Amino acid sequence: MQKYQYFNYLLNLLYSMAKLFMVVLFLMSVARVLLFSAYANFSSYEQSELLDAFWLGFRLDASVLAYLFALPILIAFIFWILNLQSIKTAIYALVKFYFIVAFTALVVFYFSDYAYFSFFGEHSTLMIFGVFDDDTSALIKTAFANYNVALVVFILILLLGLFYFMVFTLLKPVEFFQSGSFKTRIGVFGQFLLFLSLIITTALVGRGSFGLFPLSHHTPDPTPDNFLNNISKNPVFAITNSYTIYKKNKNGHYDLIKMVGYKGKMKEAFRIHIQKEDIDEGNLLANIKYKTPKNEIIQNKMPNVVVVMVESFGMPLLDYESESFDIMGRMKKHFDEDILFRRFISASNGTISSLEPVILNITGRPKSTPFSQGQYSNTSFYQASAKVYRDAGYETSFVYGGDLSWRNIGNFMPKQGFDHVEGNKVIAKALHKDKEKISHDWGVFDQYLYSYIEQKLKNAKKPQFVYVLTTNNHPPYKIPSDYKSKPLVISKKLKEHIKGDMELAKKRFRDYGYAVDMGGKFLDDIKSSNLADNTVVVFTADNNTVEGIMRYDNYYTQTKTIPFYIYLPKYLKPTCDIDTDIPSSHKDIFPTLYNLTLSDATYTAIGTNLLDKTKLHCGFNNEGILMAKDGGFKVGKAKTLAQKECEKYYKATLAVTEYLIKSQKR
C-alpha cells in the first residue's frame, strides 16, 4: 500500500506542476497579445496570418516552459526511482525554490526583451549584449529619462509577486490522487511507463517540432508580414540565442565563410563578388584592389573631405516633411540641390556595427561583435578608408561628439589611419566651453561638434579628411534649452504610421529635427564661406532606429533606408548623369568618394563606385535585409531575378569580406 501512496504523492506534485504550466502558458500568451495590441496596425492583417503567428508563438512559449519544467520532472522521477520516501516532503520545497528562481529569470527576460522591442521594433538580437560593451552609465540615464522606471519596477515586483503566489498556491501536497473521489493503484511497471511518457512528452514539447531542427534553433516565418513574424518570437529564445552568438564571437569561434556556404570555395566567391570569371587565383585579395583615374585638376587642388555620420538619421520620416511638420529644417534645400542617393541602406542596426564597416571599407557582418572590442582591437587594417587619404597627402581626423572610451574607439581608430582622434574634451577645450554645459548624456550637442569641424577646416595647413560621428538624436533625446524647434505637427497620415508611446515619439522627432537642422546649418556655413570651393561634405547615418516606432507600407524597402548625400564643389562635379536611385549601402561610400576626390589612388574595398554603371549595385544590411533595384527583401525570400542576383552577390561578398579580415588576423 505504501508504494502506491508514495507514487500518488509524486503524482500530485506532477498534477500541480501541470496546472502551473497551463497558467504560465496562458500568461505568456497574454503578454504576446499585449505586445501585439501596443504596436499592431489592426487593419493590415489577414485572420489566417494572425492565427499562424499566434499559433507559432504558442508553440514557442510551450517549448520554453517545457525546458523550465524538465528539471523538476526529472527530480520527481529520481525521487521515485530511488524511493526517497523518508524525505518526500523535501521535494516540494526543492521544486518551489527552483520555480521561484526560474520564474524570476523568466520575468526579467520578458521585461528586458520588451524594452528592446519598444526601441528597435524587434525581439532581442546580438546588440542587447552591447549594454556591457557600451557606455553603461549613459544607457542607465537613458532608461530613467525615457521610461517611467518607478512604474516599470512596480509592475515588475507585482508580476514577480503574482508568480510567487502561483508557485506557493498551486504547488501544495493536496493529495488529489489519494482523495476519496480519485484513487490510483498502478503497478511499478505502469508507474515507470507514466514517468517515461511524461519525460518523452516534455522533450517533444520542448523540441517544438518533428523536423530536423528544434523549433528554438530554426524558427520559420509564419507569415509574409515582418511585424507578425516578430510577434510570434519568444523573448527567452531571442535572448539565449543572441547570447550564444555573442559568446561565440568573443571566443573567436565565428566562421562567416562557412555560414554563407563558401568553405573551400573562395575562388568561386571572388568570381561572383567582382563579377568576373577571369580572376587572380594566386592572390585572391588582388582582385579587390582598385585604382582611381588620374586627374590633374584634383592633383592641383586637393579638396577637403568631410564625412558626417549622423546618429539615427533614417530616411522614411522625411516622407512626411511639410510646412507644419518641418522635420528637415535647413537640411531640406541641400538635399534638393545636391547628390542624394535615396535607396541607400545601413550596414547594420547599431552605431558601432555600422561605423566600423564604413571605416574599414567592408560590409557589415551578420551575428558579429565589434572589431574594436574583440580579437581585432589591436589590428591595423590596411584597407581602412582613412589610410587611402593619408597616403594621398591628407591630414586625417576622426571626431566623435562623445567620450573616446565608448566602444574603445580611442584606442582602435588611431590604428586605422587617423592622425588625430578627438572627442568631447578636445571639442570643449578648442571652443573654450564648459563641457558639462554644452553636453547631453552621450556627448556634446551637435551644434558644437559642427562648430569645431568648421574651426578645424579653417585653421588647416594641408588638405583635411575628417570623419565625424554625432551623438544627438539618441535616447534620452535631449536638445539645447535655447534651441527653438521647427513646427512638428503630426498629421493624421503620420499618426497612423506611429506605434507605441506618442509622447515619446514626439520627443524623438524633436531631437531628430534638431540633429538634421544642425547638419543643414553646417552646410549653410560651409557653402557661404571660402570652404565652399574646396570642401566635399558627405552626410549619412548609422541606422534608422526610428523604425522601432514606425509602421511601414513597404517594410523591407523602407526599414533600413538612410541618406548618402554628397556636396561637391563645382570643379569636382561629374559631367555624366548620376543615377541616385540605384540600390546601395555603407560599403559603397568610400569607393564612390575615392573616385570623386582622389587622383591615381590605389585602394582595397568591398563596395563599388556608385558612378560605375557597369557594376552590379545592391544594398546590404547585416540583419539579412537587402536592397535590389526593384526593392528591398529578406535573405531567403528573393522573388525576382534582380533580388536573386543580389542575394547571391551578398553571400559571396560576405565570404570575401571575411577572407579579407582573416588575412590580417594576428
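For ILE199 and SER112, the difference between the fully extended length at 0.36 nm per residue and the C-alpha to C-alpha distance is 28.2 nm. For the chain, the cysteines with no partner cysteine C-beta closer than 4.7 Å are CYS576. Of the two radii for the chain, the radius of gyration is 1.04 times the Kirkwood radius, both from the alpha carbons; that is the Rg over Rh value. In this structure, the amide hydrogen of GLY632, modeled 1.01 Å from its nitrogen in the peptide plane, lies closer than 5 angstrom to those of THR557, counting only residues at least 5 positions away or on a different chain.
Across the chain, the mean sequence separation of Cα contacts (distance under 8 Å, 6 or more residues apart), normalised by length, yields a relative contact order of 21 percent.
Over segment 187-316, what lengths in whole Å, largest first, do the semi-axes of the equivalent ellipsoid take, defined as the square roots of 5 times the eigenvalues of the alpha-carbon gyration tensor?
Gyration-tensor ellipsoid for segment 187-316: 52, 23, 15 Å.
Suppose R0 equals 22 Å. What FRET efficiency, 1/(1 + (r/R0)^6) with r the Cβ-Cβ distance, do CYS576 and ASP391 give to the nearest 0.05? For R0 = 22 Å, the calculated efficiency reads 0.25.
Pairs of Cα atoms in segment 373-469 fall into 5 Å distance bins, from 0 up to the last occupied one, in shares of 3, 14, 23, 21, 19, 12, 7, 1 percent. For PHE325, which sequence-distant residues (separation of 5 or more, or a different chain) have an amide H within less than 5 Å of its own amide H, given hydrogens modelled in the peptide plane? For PHE325, the qualifying residues are VAL489. Based on the Cβ-Cβ distance from HIS218 to HIS253, what FRET efficiency comes out when R0 is 22 Å, to the nearest 0.05? So, using R0 = 22 Å, E works out to roughly 0.65.
Which whole-number percent gives the relative contact order of segment 540-666, counting Cα pairs below 8 Å spaced six or more residues apart? Dividing the mean separation by the residue count of segment 540-666 yields 20 percent.
For the chain, the 222 nm mean residue ellipticity estimated from helices alone, with every DSSP H stretch of n ≥ 4 adding -39500 (n - 2.57) and the total spread over all residues, rounds to -15000 deg cm²/dmol. Label-to-label distance, GLU496 versus TYR15, with points set 7 angstrom from Cα along the beta-carbon direction: 5.6 nm. Distances between placed amide hydrogens fall under 5 Å for VAL305 paired with GLN464, PHE465, VAL466, VAL536, all partners being 5 or more residues away or on another chain.
Applying 1/(1 + (r/R0)^6) with R0 = 25 Å to the Cβ-Cβ distance of TYR164 and ASN83 gives a FRET efficiency near 0.20.
Extension gain for the segment LYS637 to VAL153, taken as residue separation times 0.36 nm less the Cα-Cα distance, is 170.2 nm to one decimal. A simple rule links phi to the HN-Hα coupling: the Karplus curve 6.51 cos²θ - 1.76 cosθ + 1.60 with θ = phi - 60°, which for segment 567-572 gives 9, 10, x, 4, 5, 9 Hz, with x for Gly and Pro. For segment 330-351, list residues with backbone N below 19 Å from a point placed 7 Å from the Cα of SER529 toward its Cβ? Flagged as within label range: 330-331, 334.
Would you mind putting 564-572, 535-543, 157-165 in packing order, based on average other-beta-carbon counts within 10 Å, highest first? Write down the numbers at each step before the final one.
Working: 564-572: 18.2, 535-543: 24.7, 157-165: 14.0.
Ranking the peptides 564-572, 535-543, 157-165 by packing returns 535-543, 564-572, 157-165.
Quick note: the coordinates plus some simple rules give every number you see, no bench work behind them. Keep in mind it's a predicted model, so treat the numbers as computed, not measured. Counting neighbours? That spans all protein chains shown, and the Cβs are built from the backbone with ideal geometry, glycine included.
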